[in-house]
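Notes for the one structure printed next.
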Amino acid sequence: MSSTRATRIETRERNEKWQNPPLRIEMLECINCDACLRHCPPTFGAIFNHGADVVIIPELCSGCDKCLPVCPVDCIYPDPDWNPAQVPDDWWSLPLSEHDPY
Ligand code: SF4
Ligand code: SF4
């Protein structure tokens, strides 16, 4: 079943229709320029500032790849082996906060 961003945030589940794996930012390479965040479509709204880091919540990332070409250091990678357990619980407070960029 397809889902909206709001339900994905509520249920913490990816849209099962999405064929592409979510993407992951390699924090050791990222220069925190926020270009990717500004290019993630609001219907997905998957990229957030988290303290000094920029992170992708995989359950919200469709794998649309719109963030890839704008990254100046090519540090965004497909993450086919992602696991919900790798997402720290506090990341989920980001889309619910008043600072949700989408
Ligand atoms: S692949 Fe698309 S949905 Fe995922 S973080 Fe990049 S722009 Fe957002
Ligand atoms: S565009 Fe690349 S370098 Fe800039 S914040 Fe995103 S992942 Fe980091």
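FYI, it's all coordinate maths here, none of it is from the lab. Remember, it's a predicted structure, so these values are computed and weren't measured experimentally. With ideal geometry, Cβ positions are generated from the backbone for all residues, glycine too; neighbour counts draw on all protein chains shown.
General observations
- Projected area averaged over orientations for segment 5-93, convex hull of C-alpha atoms, nm²: 5.4
- Cα gyration tensor, segment 58-102 - rounded (a/c under 1.5), prolate or oblate: oblate
- Charge context of Lys17, other residues only, Cβ under 15 angstrom, K/R +1, D/E -1: 0
- Taking all Cα pairs closer than 8 Å and separated by 6 or more residues, the relative contact order of the chain comes to 33 percent.
- Burial ranking of peptide ranges 75-88, 21-34 (average Cβ count within 10 Å, highest at the top): 21-34, 75-88
- Summed side-chain charge close to Asp74 - residues other than Asp74 whose Cβ falls under 12 Å, Lys, Arg +1, Asp, Glu -1: -2
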